[in-house]
Amino acid sequence: MIGRLNHVAIAVPDLPAARRLYGDMMGAAVSAEQELPEHGVTVVFVELPNTKIELLHPLGEDSPIRGFLDKNPQGGVHHICYEVADIAAARDRLVGGGARVLGDGEPRGGAHGKPVLFLHPKDFCGTLIELEQA
Ligand code: CO
């Protein structure tokens, strides 16, 4: 059911510094900063030949990654995103298997304007999983 690895997301305390690290020091193509108020984050995408890295920084006081950065002040891997062909069908299959979907369980528009869902890390080997409809 799951398809390609769409991106690995890293929460960072200093987004311009992380953008320079990937763009200047590591020589990757990096996007401009993009604010996603409904997700409480500002993101930068690093384009790699086979996938992307999503650099995440909190946006707003109730950002869902603020607590993560409090526990990991230097930043860290926050989630990984797999592509699925049909996100509603994927959700129904996973919920049927006992997995928990975060929030109200309804897909929301993600960073690429496509529907996304997040799955509970306790149900997936301690890793927060994002599903994105490809
Ligand atoms: Co993501």
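The values are calculated or read from the model by the stated rules, or taken from the named source; none is laboratory data. As the structure is a prediction and not an experimental result, all values here were calculated from the model. All accessible areas refer to the heavy atoms of the entire protein, side chains included, with ligands and DNA or RNA removed. Shrake-Rupley method; radii C 1.70, N 1.55, O 1.52, S 1.80 Å.
Tabulated data for the structure shown
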quantity	calculated
Residue-normalised accessible area of segment 35-120, expressed per residue, 1.4 Å probe, Å²	53
Cα extents of the chain along the three principal axes, largest first (Å)	44, 32, 26
Beta bridges per DSSP with both ends in the chain, % antiparallel, nearest 5	70
Percent accessible area from carbon and sulfur atoms, the chain, protein chains only, probe 1.4 Å	53
Rounded to 10°, Cα long-axis angle of helix 87-96 versus longest principal axis of the chain	60
